[in-house]
Amino acid sequence: MPPTLYRVTNYTLGHLIENIEGGRIGLPDIQRPFVWSAAKTRDLLDSMYRGYPIGTLMFWETGAEVGTRQIGTHAGDRAPQLLVVDGQQRLTALFAVLTGRKIVTKSFDEINVRIAFRPEDQTFEVTDAAIERDAHFLPDITALWAESRYKPTLRQFFQRLEQAGGQPLPHAAKDELEERLDRVRDLRDFHFQVVELGASANEEQVADIFVRINSEGVKLNQSDFILTLMSVHWEKGRRQLEDFSRSAVIAGLPGASPRNAFLDPSPDQLLRVAVAVAFRRARLQHVYSVLRGKDLETGKVTADRRQEQFDRLARAHTKVLDLTSWHEFFQCVTAAGFRSRKMITSDNALLYSYTIWLIGHHDFGLTADELRPVIGRWFFMAHTTGRYSNSPESQMEFDLGRIGSLPPGDGRAFTAELDRIIAANFTGDYWDISLPNRLDTSSSRSPVLFAVRVGNATKQLHGDDLLRYQEEHWG
């Protein structure tokens, strides 16, 4: 019989909350968009109250030793020993209700999840203004788990109920209601069955197990594992990715902002750019192992190697999130003739072109003014031809390899290589055969259609080929 990769254990809800607060269990979703509705949180609590099964949780041992400090943080920031792989939304909901901590919604608003309870008929509801006014409801059950507020909360509830009824409550009725409120409070002793995967399980095995036991069939990808690894060893870096993404979406935040006309980036998209800049890799298949500190030849994992690789990622991370670089790149997109995200059909073309901009700027010493025309041409070519639409990682690996073979610091060689690739794609046959064939489509969002539209305004950037085609075929 093959050795199992897991063990089954039990935790009470209170024990889980303590471990999350103490940092032993990593629950990063508290600071990330919460996709559950408050109604689902209400239903979860109702199921627990009635003693119904609510599913198994799955944790994964990180391999971090007790007391291990996270990279680049203060001494109090310890690496968790367990990560929540399945059950993040359930634990986030329960953690938010029991502790009163705010969660972040999909629209990046910070809110409290407020659940009410009516002990007369043992009903949970999502708190609203009407429930706040209804004396028969305890409007926020979070108060039941705060030691200093528990007794005052009960007294206030009974006072409101008696005032609403106009007479004192009989002792028997009060005892019954208090017993039901105590049952809600006792949910902290609710037992969860937890499957703990050992540290020997690799990311492919964890992903496979997750898909097999997850009823929703959600698949974990390589970027999920790298972001999870950042939660263990470099939570600050992951949070910076998320803060940057959040600032790019929300209007009116104070200070400089990454908001732009073309892209609302996600943390995993920004991570891909940072990985490409740091390790010259577009495929993330081996990056997780590299960041764990694994020597791909010997298979040995060391803390020093992990620190070294995270340092490389951190340097690239700083470059990617630099607002000056970010906005200078989008000036290249504007110079290419694009004016809004309605004209963009490929986020990959934007992200990988930004990667090449960063490499040209930091590794080949080109200024923003020098990069603007060549990156504008590159993005126009990549977007128009769909360069990063099919097998984008493989294509970007090829492009990174071409750039990597150039003499370090030789800006002229960098520019010349990009122009050679552009010319190899924009041949006479492309303009005379491929582009007309691709225009034969009913889609209003064809990249070649946008190419034709922007060509007249950007003759200097794109050269005469596109203009010649327009003159011959469109008049």
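Tyr352 exposes around 10 Å² of accessible area when a 1.4 Å probe is run over every protein chain in place.
What accessible area per residue comes out for the stretch 107-190, rounded to a whole number of Å², with a 1.4 Å probe?
56 Å²
Entry comment: accessible area of the stretch 309-425 is 39 Å² per residue, from protein heavy atoms only and a probe of 1.4 Å. Ligands, DNA and RNA aside, Tyr52 has an accessible area near 120 Å² when probed at 1.4 Å. Annotation for Thr318 and Glu162: the two label points, set 7 Å from Cα along the Cα-Cβ direction, are 6.5 nm apart.
Thr41 sits among other residues whose Cβ lies under 12 Å from its own Cβ, and their net charge, with Lys and Arg +1 and Asp and Glu -1, is +1.
How many times 2.2 N^0.38 Å is the alpha carbon radius of gyration of the stretch 249-336? List each step's numbers first, then the result.
Working: Rg = 16.1 Å, N = 88, 2.2 N^0.38 = 12.1 Å.
Normalised Cα radius of gyration, the stretch 249-336: 1.34.
Under Stokes-Einstein, with the Kirkwood radius over Cα pairs as Rh, the value for the stretch 286-326 at 4 °C and 1.567 mPa s is 118 µm²/s. For the stretch 211-363, the carbon plus sulfur part of the accessible surface works out to 45%, probe radius 1.4 Å. Note on Arg42: accessible area approximately 60 square angstrom, rounded to 10, probe 1.4 Å, nucleic acids and ligands left out. What separates the Cα centres of the stretch 128-200 and the stretch 324-373 is a distance of 56 Å. Among residues other than Asp189 with Cβ under 14 Å from its Cβ, the summed charge is 0 (Lys and Arg +1, Asp and Glu -1).
For Ala172 and Arg50, what is the calculated FRET efficiency with R₀ set at 30 Å and r taken between the beta-carbons, to the nearest 0.05? List each step's numbers first, then the result.
Working: r = 24 Å, r/R0 = 0.78.
Efficiency, from the Cβ-Cβ distance: 0.80.
Stretched out straight at 0.36 nm per residue, the stretch from Asn425 to Ile250 would grow longer than its current Cα-Cα span by 59.2 nm.
The values are calculated or read from the model by the stated rules, or taken from the named source; none is laboratory data. Nothing here was measured: the structure is a model prediction, and the numbers come from that model. When we count neighbours, we look across all protein chains shown, and the Cβ atoms used for this are built from the backbone with ideal geometry, even at glycine. Side chains are part of the model used for accessible areas, which takes the heavy atoms of the whole protein and leaves out ligands, DNA and RNA. Shrake-Rupley method; radii C 1.70, N 1.55, O 1.52, S 1.80 Å.
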